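Presented below is the structure to which this report refers.
The values are calculated or read from the model by the stated rules, or taken from the named source; none is laboratory data. A quick note: this is a predicted structure, and the numbers were derived from the prediction, not measured. Cβ placement follows ideal geometry from the backbone for every residue including glycine, while neighbour counts extend to all protein chains displayed.
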Amino acid sequence: MKVAVLGAGGMGGTVIDHLEHTEGVEEIIAQDIREERVKELREKVGVKAYVELEPILKDDSIPLVFITSSNDAHKPLTLAALEAGKAVMCEKPMAVTLADARAMVEAAESREAFLQIGFELRYSKLYTKVKDWVDQGLLGQVVNTHCYYICSEFHHKGSWRNKQATGGSMFGEKLSHYVDLPRWWIGSEVADVSSVCAPNVIPYYEVHDNYHTTYRFQNGAVSHLTFMMAPGATFKGDPLQDVIDQQRGDGHALRYLVVGTQGCAETDVFYRTIKRWEFGDSPECLTSTWVENLTWDKSEDHVYFHNTLDQTRDIVRRVREGLPPATPASDAYETMRLCFAAEESADHGERINLAEVY
Ligand SMILES: NC(=O)c1ccc[n+]([C@@H]2O[C@H](COP(=O)([O-])OP(=O)(O)OC[C@H]3O[C@@H](n4cnc5c(N)ncnc54)[C@H](O)[C@@H]3O)[C@@H](O)[C@H]2O)c1
């Protein structure tokens, strides 16, 4: 099968590499609006590449496109590809406005076309382990989740990510994954969201650089997200220096605590751990017993964290076999609704009732 990658910058390069190692992919064609990148794709990456979109849209022998452009181009590229009869995988966040995301879902649904959004943490061994524990009933009903995510400013001045028109918000760009996961684990829809932001630390950002956001689910569960772009939480001399080196000094910290009525789980990406506790009864108190402690080798980081390789392979397989997306675009849209509601709450200082968000 021929596969095209539209907007082939950093993430596009990763997807091209994955496609080169995916069964059933016979040819990769790339497209990017930057001429120097197209030259690089041809000469260094070694794929057929175009500045124009038309040759790909007109080529009926290309059934599948991956859209890995900056966020502002997700909607026009998705609509054009669907219109041309292609199956589409589009990176998260779906779009820079909720109305655009809605238009993408409607375009796919009206054609009964394949559209999957890049929430690849649902392929991560780390987070699917939590999902397995939830599904097996080992945590009971999940009632609280807390995500603690700290990173340094690794986007840099002038990046499209820092501007509202091209990136949307930092909530969609960075945090949509971490709204999608609690939805997946808790298995209920959100009733309302409240979000506050402190003044920015990064003066040249046009968007918020921090959030403290709380979601209340219809089943009573509460999910909290703390995000700050700040000096790194890790430092030289850390015993996990190899992990830090891998992150090129970004200084990430990324932990989840998932608390259920019968047990809880904790994930820590940069310490490569996933732990589970079981709750029990004793004459004195509720007991908590540490029953599982999983770690993984650094060579498996990609499988445990951003597993874009297995996502790419799964999407190719699904399209080849005529199967629907692993998660429908309408489900990704629900996650996007939560992102836009959190942003609106932060901007207006009000709790947002999700029933009132389009
Ligand atoms: N799922 C993840 O964890 C993850 C990780 C990184 C990036 N992403 C997403 O991938 C996308 C790309 O991010 P990146 O880091 O590769 O950015 P990037 O800036 O490296 O690449 C984006 C590319 O899109 C091109 N582009 C912009 N408008 C275009 C258009 N209209 N047509 C064709 N090409 C166009 C740019 O020239 C650039 O080469 C973003 O949506 C980002 O959120 C997702």
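Quick notes
- Checking each residue in segment 325-349 for being over 25 Å from Asn210 (Cβ atoms) and out of contact with any helix residue (DSSP H, G or I) (no Cβ under 7 Å at 6 or more places or on another chain) picks out Pro328, Asp331.
- Residue match in segment 46-62 (condition: assigned by TED's automatic domain parsing to the domain that holds Ala99, within 14 Å of the ligand (Cβ to nearest atom) and part of a strand (DSSP E or B)): yes
- Wholly within segment 101-214, helices (runs of 4 or more DSSP H) carrying at least 3 residues that are at pLDDT 95 or above and more than 16 Å from the ligand (Cβ to nearest atom): 125-135, 176-186
- Checking Pro76 against (1) within 26 Å of Phe270 (Cα to Cα); (2) in a helix (DSSP H, G or I); (3) within 16 Å of the ligand (Cβ to nearest atom), the condition it does not meet: (1)
- Scan of segment 83-100 for residues that are within 22 Å of the chain's Cα centre (by Cα) and away from the ligand (no atom under 12 Å from the Cβ), ordered by number: Ala87, Val88, Thr97, Leu98, Ala99, Asp100
- All conditions in (1) part of a helix (DSSP H, G or I); (2) over 21 Å from the mean Cα position of the chain (by Cα) hold for Glu278, with the sole exception of (1).
- Tally, over segment 17-45, of residues that are within 11 Å of the ligand (Cβ to nearest atom) and not in a loop (DSSP other than H, G, I, E, B): 8
- Sole exception among (1) more than 20 Å from Ala326 (Cα to Cα); (2) part of a helix (DSSP H, G or I); (3) touching a residue at least 40 places away in the same chain (Cβ under 8 Å) for Ala81, by number: (1)
- In segment 281-309, the residues that are in a strand (DSSP E or B) and of a type in the set (Gly, Ala, Ser): Ser288
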